[in-house]
Amino acid sequence: MITAGLPPEGAHSLLNDLARWVYDKAERFAHGQRIIDLIAGYDAIIIDGPPTDELLPAMAINRYGRDQIHLQQLVWPDQEGRFPWDHGYNFAPQAQPLIAQL
């Protein structure tokens with residue numbers, strides 16, 4: 001699981017929360033799954049995709065091999081609740097690079 005474009009402290013907190021869901025509740029995430037109650041006042045969405053030049057989990061690839069990595073990204077919305085693939089998204093594309101589109 002990765003995320004992009006957030007300050008490190010916030011990204012770590014969100015990813016740790018998701019890891020707790022996996023550990024405590026055996027939660028599994030699917031492409032396009034909407035996550036509620038993770039970011040105060042906003043939903044997030046999980047997308048699946050391959051590593052990209054901008055989002056490359058190099059340590060995982062080095063350890064397990066590229067063909068063994070199932071990459072998922074936590075995608076966050078703008079202040080209006082729009083996601084990067086939505087019309088009117090309030091941030092430039094480079095603010096949150098994506099591994100795939102929804």
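Structural remarks
- Around the amide H of GLN33, modelled in the peptide plane, lie the amide H atoms of ILE46, all under 5 Å away and 5 or more residues distant in sequence or on another chain.
- Normalised alpha carbon radius of gyration of the chain [divisor 2.2 N^0.38 Å]: 1.06
- Order of THR3, THR52 under a 10 Å beta carbon neighbour criterion, fewest first: THR52, THR3
- Value of relative contact order over segment 8-80, rounded to a whole percent, pairs C-alpha under 8 Å and six or more apart: 26
- The Cβ shell under 13 Å around ALA95 holds other residues with a net charge of -1, Lys and Arg each +1, Asp and Glu each -1.
- Cα lying deepest toward the dipole's positive end in segment 29-102, options GLN33, ILE99, ILE61, charges on Cβ: ILE61
- Helix-derived mean residue ellipticity, 222 nm - over the chain, DSSP H n ≥ 4, -39500 (n - 2.57), to 500: -7500 deg cm²/dmol
Quick note: the coordinates plus some simple rules give every number you see, no bench work behind them. Just so you know, these numbers come straight off a predicted model, no measurement behind them. Counting neighbours? That spans all protein chains shown, and the Cβs are built from the backbone with ideal geometry, glycine included.
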